[in-house]
Amino acid sequence: MNKVKKIVNDELFEWIRGIRRTIHQWPEPAFKEEKTAGLISKALNKLGIKHQTGIAQTGVVGRLITDKDAPTVALRADMDALFLTEDTDLPFASQNTGIMHACGHDGHVAIVLGAAAILRDNPPEGNVVFIFQPAEEGEGGAKPMIEQGALDGVDIIFGGHIERHYQVGEIGIKTGIHTSHTDAFEIRVTGKGGHAARPHLAIDAVFIASQLVVNLQTIVSRQVDPVHPSVLTIGYIKAGTVYNAIAEKAVLKGTIRTTDESVRAQIIEKVRKMASSLSILYDAEIKVISRPGYPPIINEERATKFAVQVAEKLLGREKTIAIPYPSLGGEDFSYYLQQIPGCFVRFGAAKEGHETVSSHSPKFDFDEEALRVGAAYMSELAGYTIKKLRRS
C-alpha cells in the first residue's frame, strides 16, 4: 500500500472520498443521473479536462489529449443507483427516498475521477478517455453511449467493480469469460377460473404455474452438461385474487444465466418445450416471452495481461487474485468489449462488520480505502497500457 499512498496522498484521497459520499447521499436511477452528471462535470472542469455532457441522456465523456496520434485508453465508471430504501447508519446516507447506491457505483465514479486527477498532474504518453455511463443496472446504458461516440478513437478500455469478497489492496482479474448472459423470461398461464370446491370444472393456473416452478429446475439439473455453469431462477410469481376461487391466470418471471452460447439456446428452447407440454397436458394456454439480456464480459487476453502486470507491480503478486470461475452476474461493460479490447477487474473492498452483506442490499457499504487503491490502479493501468501500445 506504500506505492498506492505515494500516488494518492491523503489530500487527494479526501477529495475522492468526498465525491463518493456526495453521490451516495443523492443517488439517482437509470437515465436520471442529472445531479451526478453535474457533479462529474464540475469536477472535470476543476481538473481542466475537456468533456461532453448529455451523452445517452446523462452520460459524460472527458478526454485528456496529449498526442492525437498516440494510443488512447478509456476508463469507464457507471453512475446509476437502485430502487432500494437504505438501511445504514452512514452520516451520508441517501436523501432520496427509495433510491440507494447499493452496488458501489458511487465508488466507481469517484475512482475514475481520482484517476483523472492523477493523470492530469502526470500526463501519460498518449490519451485517456473517461467514460461516466448511465443505466448499468438492467437498462444497458453502455449501448447508447457507444452509439453516440463514447468509444470514438479509443484503442482499449478498462473498467472495474467494488467487490466485497476481496480485501482492500487486492485486485481480482480473470482472463476470458468473466460474467454471464443475463436473459430474462416471462411465462403467462391462462386457464379457466372457477369455484375452489369444484376444481374439475376449472383449469387451475396456480397449479400449472407451480408445476412450472418445480419442473423448470430440472432443465439445469438434468438436461444441461454440468461442466457449463448455468442457473434458471423464478423470481416472481403472481396469481389469484381470493382464497376460495381457482385462479384463471398466473404470471411467472425469471432469469437464465449461462456462459456458453449453445447452452443458453438449449435452456431457452427447453423452457418453451416444457411450457408447450404442460399446455397440452392441462388444456391451458401458456405463453413464453424471452427477453435477451447483457452478453458476457469476455476479457481480452492482452488487456488482461496488462491489468495483471500493473496489479502485481503496484500491489504485489500475492494481492493479485486470479479469479478461477466466471460470475453468473451480469454487466453491460460487455458491450464495450464487443467493440474493442479491454478488461474488467474487481477492487477488493471488504468492510469489517459487513461480511455477510451482499450487493443490492439496503445495508450495503464498503471500505472507502478501496477508492484510494482503485484510483491509483486505474491511473497506473492507463499509463502502462499506453506505453505498451506505443511499443507494439
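Every number in this text was worked out from the coordinates using simple rules, so none of it is lab data. Note that the coordinates shown come from a computational prediction; the quantities given were computed from them, not determined experimentally. Reconstructed Cβ throughout: ideal geometry from the backbone, glycine too, with neighbour counts over all protein chains shown.
Can you compute the charge dipole magnitude of the chain about its Cα centre, using +1 on each Lys and Arg Cβ and -1 on each Asp and Glu Cβ, nothing else charged? Give it in debye, rounded to the nearest 20.
480 debye
Sort largest first and round to whole Å: the equivalent ellipsoid semi-axes of region 85-205, each the square root of five times a Cα gyration tensor eigenvalue. Write down the numbers at each step before the final one.
Values: eigenvalues 401, 93, 49 Å².
After diagonalising the Cα gyration tensor, the semi-axes are 45, 22, 16 Å.
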Legend entry - Size of region 236-392 as Cα extents on the principal axes (Å, biggest first): 68, 41, 22
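Apply 1/(1 + (r/R0)^6) to the Cβ-Cβ distance of N45 and N9, taking R0 = 25 Å, and write down the FRET efficiency to the nearest 0.05.
0.65
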Inset, instruction - Specify which residue in the list I23, I40, N9 is farthest towards the positive end of the charge dipole of region 1-56, using unit charges on the beta carbon of Lys, Arg (+1) and Asp, Glu (-1), about the Cα centre. - result: N9
Legend entry - Spin-label zone in region 99-139 - amide nitrogen under 13 Å from a point set 7 Å from the Cα of K363 along the C-beta vector: none
Inset, instruction - Output the relative contact order of region 1-151, whole-number percent, from Cα pairs under 8 angstrom with separation of 6+ residues. - result: 33 percent
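Find how much the distance from D152 to S277 grows on full extension, using 0.36 nm per residue of separation minus their present alpha carbon separation; answer in nm with one decimal. List each step's numbers first, then the result.
Values: separation 125, 0.36 × 125 = 45.00 nm, distance 4.92 nm.
Fully extending the segment from D152 to S277 adds 40.1 nm.
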Legend entry - Spin-label model distance (nm) - R198 vs L90, 7 Å beyond Cα toward Cβ: 5.8 nm
Legend entry - the chain: radius of gyration and largest Cα-Cα distance (Dmax), Å: 23.6, 79
Inset, instruction - Distance between Cα centroids, region 335-392 to region 83-145: provide it in whole Å. - result: 11 Å
Legend entry - Mean Cβ neighbour count within 10 Å, used as a protection proxy, ranking 81-94, 103-116 highest first: 103-116, 81-94
Inset, instruction - Compute the length gained on full extension between E261 and R302: take 0.36 nm times their separation in residues and subtract their Cα-Cα distance, giving the result in nm to one decimal. - result: 12.4 nm
Inset, instruction - May I ask which residue of L252, G374, S327 lies farthest towards the positive end of the charge dipole of region 226-380, with charges of +1 (Lys, Arg) and -1 (Asp, Glu) on Cβ and the Cα centre as origin? - result: L252
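Can you tell me the relative contact order of the chain? Whole percent, Cα pairs under 8 Å, sequence separation 6 or more.
Numbers: 885 pairs, mean separation 95.6, N = 392.
RCO, the chain: 24 percent.
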Legend entry - Relative contact order for region 275-345, counting Cα pairs under 8 Å that sit 6 or more residues apart, in percent: 42 percent
Inset, instruction - Which order do the peptides 155-161, 362-368 take when ranked by the mean count of other beta-carbon atoms within 10 Å per residue, highest first? - result: 155-161, 362-368
Legend entry - Three-way shape label, region 49-151, alpha-carbon gyration tensor, a/c 1.5: oblate
Inset, instruction - Can you pull a Stokes-Einstein diffusion coefficient for region 181-291 at 20 °C (1.002 mPa s), Rh from Kirkwood over Cα pairs, as a whole number of µm²/s? - result: 148 µm²/s
Legend entry - Whole-angstrom gap from region 149-204 to region 222-240, using each part's C-alpha centre: 11 Å
Legend entry - Calculated [θ] (222 nm, deg cm²/dmol) that DSSP helices of n ≥ 4 give over the chain, each run adding -39,500 (n - 2.57): -11500 deg cm²/dmol
Inset, instruction - Excluding A70 itself, calculate the net charge of residues whose Cβ lies under 14 Å from the Cβ of A70, where each Lys or Arg counts +1 and each Asp or Glu counts -1. - result: +2
Inset, instruction - Starting from the Cα-Cα distance between D225 and F83, subtract it from 0.36 nm times their residue separation and give me the gain in nm to one decimal. - result: 47.5 nm
Legend entry - region 1-82 - Rg (one decimal) and Dmax (whole number), Cα, Å: 14.6, 41
Inset, instruction - Can you pull a Stokes-Einstein diffusion coefficient for region 300-349 at 4 °C (1.567 mPa s), Rh from Kirkwood over Cα pairs, as a whole number of µm²/s? - result: 106 µm²/s
Inset, instruction - Can you check how the C-alpha radius of gyration of region 323-392 compares to 2.2 N^0.38 Å, as a plain ratio? - result: 1.41
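Using only Cα atoms, figure out Rg for region 100-152 and give it as a multiple of 2.2 N^0.38 Å.
Normalised Rg, Cα atoms only: 1.32.
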Inset, instruction - Might you report the magnitude of the Cβ-based charge dipole of region 181-291 about its Cα centre, with Lys and Arg at +1 and Asp and Glu at -1, to the nearest 20 debye? - result: 200 debye
Inset, instruction - Determine the alpha carbon to alpha carbon distance for each of K253/K287; K249/K287; K32/K363; K319/K388; K6/K388; K3/K319 and list only those over 18 Å. - result: K32/K363; K319/K388; K6/K388
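Which FRET efficiency, nearest 0.05, do D121 and Y243 yield, Cβ-Cβ r, R0 51 Å?
About 0.15, to the nearest 0.05.
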